[in-house]
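Enquirer: Please read through the structure below; I'll follow up with questions.
The values are calculated or read from the model by the stated rules, or taken from the named source; none is laboratory data. Remember, it's a predicted structure, so these values are computed and weren't measured experimentally. Every residue, glycine among them, receives a Cβ derived from its backbone with ideal geometry; neighbour counts consider all protein chains shown. Surface accessibility is based on the protein's heavy atoms, side chains included, excluding ligands, DNA and RNA. Shrake-Rupley method; radii C 1.70, N 1.55, O 1.52, S 1.80 Å.
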Amino acid sequence: MKKTILTLCCTLLATLLFAQTSTTIVLNQPDLNKGMNVMKAFAQRSSQSTFDTLSLKLQDLSDLLWAADGVNRADLGKRTAPSAMNSQDVDVYVVMKSGAYLYDAKKHQLDLVAPGDYRLLVAGRQQNYAIAPVFCVMVSDISRFKSGTDSVKLQLAALDAGIVSQNIGIFCAGTGLATHPRTTMDVPKLKEVMKLKSSQYLMLNNLVAYKKE
Ligand SMILES: Cc1cc2nc3c(=O)[nH]c(=O)nc-3n(C[C@H](O)[C@H](O)[C@H](O)COP(=O)(O)O)c2cc1C
């Protein structure tokens with residue numbers, strides 16, 4: 001009897017957990033002991049055009065997003081990537097086979113924005129890249145800059161997004177993953193899919209994959 005109740009409870013818990021992960025992917029804590037010496041990572045950094053199509057393991061995805069723009073000083077709410085006037089204008093959207101997600105850095109989780117495979121839209125005219133398992137798409141919300149003209153805000157947005165992209169570049173180099181930064185993507189269609197406001201700009205994307213053996 002006890003065994004039956006325990007089995008029922010486990011099944012219910014598993015069902016609840018699955019229901020939660022269908023719209024939210026709870027990420028693992030970053031593995032701070034991972035990766036090679038930083039100077040070796042710089043020596044390895046490059047843009048890869050060939051890579052494996054295998055999905056990223058949860059730990060690799062978790063480490064990638066934390067390195068890209070996670071919270072590294074919880075007491076101050078500050079991030080692994082600096083931002084002009086600490087505006088934290090850049091959001092990282094993750095586009096994978098299962099859908100487009102928004103990285104919530106505070107909760108260190110991915111929230112589903114749109115189910116479905118939109119990797120072709122991120123690949124844009126470079127369709128050969130659509131087989132990458134993960135794309136990190138950097139979106140700046142320029143309304144988070146409290147002063148300056150739109151032209152100045154867009155310059156700051158480009159700098160802030162570029163820094164997040166470079167965090168990804170160094171993370172990938174240091175952990176043996178493949179990445180490629182690109183501004184190519186289908187901006188109007190992605191804006192629609194990601195339900196972006198007029199103040200949110202798609203700046204650039206990085207595909208991330210395992211290297212081809
Ligand atoms: C802002 C930016 C935009 C880029 N856009 C594209 C792109 O749209 N398509 C592409 O294939 N590569 C793109 N790249 C990658 C560059 O072509 C690549 O970094 C350059 O050839 C140098 O190669 P390396 O990164 O291996 O040093 C971009 C790089 C940067 C920094």
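Enquirer: What stretch of the chain, leaving out the sites themselves, is the longest with no trypsin sites (Lys or Arg not before Pro) in a DSSP loop having at most 15 other Cβ atoms within 10 Å?
Expert: Numbers: sites that count: LYS34, ARG45, LYS57, LYS97, LYS106, LYS107, ARG125, LYS146, LYS195, LYS197, LYS211, LYS212.
Within the chain, the longest run free of exposed trypsin sites (Lys or Arg not before Pro) spans 147-194.
Enquirer: What pairs in LYS40/LYS153; LYS40/LYS146; LYS34/LYS212 have C-alpha atoms more than 30 Å from each other?
Expert: Those over the limit are LYS40/LYS153; LYS40/LYS146.
Enquirer: While we're on this one: Could you give each residue of the stretch 120-131 its phi-based ³J(HN,Hα) in whole Hz, using Karplus coefficients 6.51, -1.76, 1.60 with θ = phi - 60°, and x for Gly or Pro?
Expert: 3J(HN,Hα) across the stretch 120-131, in whole Hz: 5, 5, 6, 4, x, 6, 9, 4, 4, 7, 5, 7.
Enquirer: Using a simple charge model, +1 on the beta-carbon of Lys and Arg, -1 on the beta-carbon of Asp and Glu, nothing else, what dipole does the chain show about its Cα centre, in debye to the nearest 20? Present the calculation step by step, with values, prior to reporting the outcome.
Expert: Values: 24 positive and 17 negative charges, 40 e Å.
Taking the Cα centre of the chain as origin, the dipole is about 200 debye.
Enquirer: Residue by residue, what Karplus-based ³J(HN,Hα) values in Hz, rounded to whole numbers, does the stretch 100-107 have, using 6.51, -1.76 and 1.60 with θ = phi - 60° and x for Gly and Pro?
Expert: Rounded to whole hertz, the list is 9, 10, 9, 7, 8, 5, 4, 8.
Enquirer: In square angstrom, what is the accessible area per residue of the chain with a 1.4 angstrom probe?
Expert: Details: 11540 Å² over 213 residues.
Ligands and nucleic acids excluded, the figure is 54 Å² per residue.
Enquirer: Can I ask one more? How much of the accessible area of the chain, in percent, comes from carbon and sulfur atoms when a 1.4 Å probe is used?
Expert: Carbon plus sulfur share of accessible area: 60 percent.
Enquirer: Still on this structure, please answer the following. Pull up all non-local amide H partners of ASN28: gap of 5 or more, or a different chain, and H-to-H distance under 5 Å with H placed in the peptide plane.
Expert: The list, which skips near neighbours in sequence, is SER62.
Enquirer: Let me ask you something else. Relative contact order, percent, of the stretch 24-210 when contacts are C-alpha pairs under 8 Å separated by at least 6 residues? Mind dumping the intermediate values first?
Expert: On the way: 382 pairs, mean separation 54.9, N = 187.
Computed over the stretch 24-210, the figure is 29 percent.
Enquirer: Which residues' amide hydrogens lie under 5 Å from the amide hydrogen of GLY124, considering only partners 5 or more residues apart or on another chain, with H built in the peptide plane?
Expert: So GLY124 has HN proximity to ASP186.
Enquirer: Something else: Karplus couplings for the stretch 66-79 from phi (6.51 cos²θ - 1.76 cosθ + 1.60, θ = phi - 60°), rounded to Hz, Gly and Pro as x?
Expert: After applying 6.51 cos²θ - 1.76 cosθ + 1.60, I find 5, 5, 4, 6, x, 7, 10, 9, 4, 5, 9, x, 8, 10 Hz.
Enquirer: What ratio of Cα Rg to 2.2 N^0.38 Å holds for the chain? If you can, show how the numbers build up before the last one.
Expert: On the way: Rg = 18.3 Å, N = 213, 2.2 N^0.38 = 16.9 Å.
Normalised Rg, Cα atoms only: 1.08.
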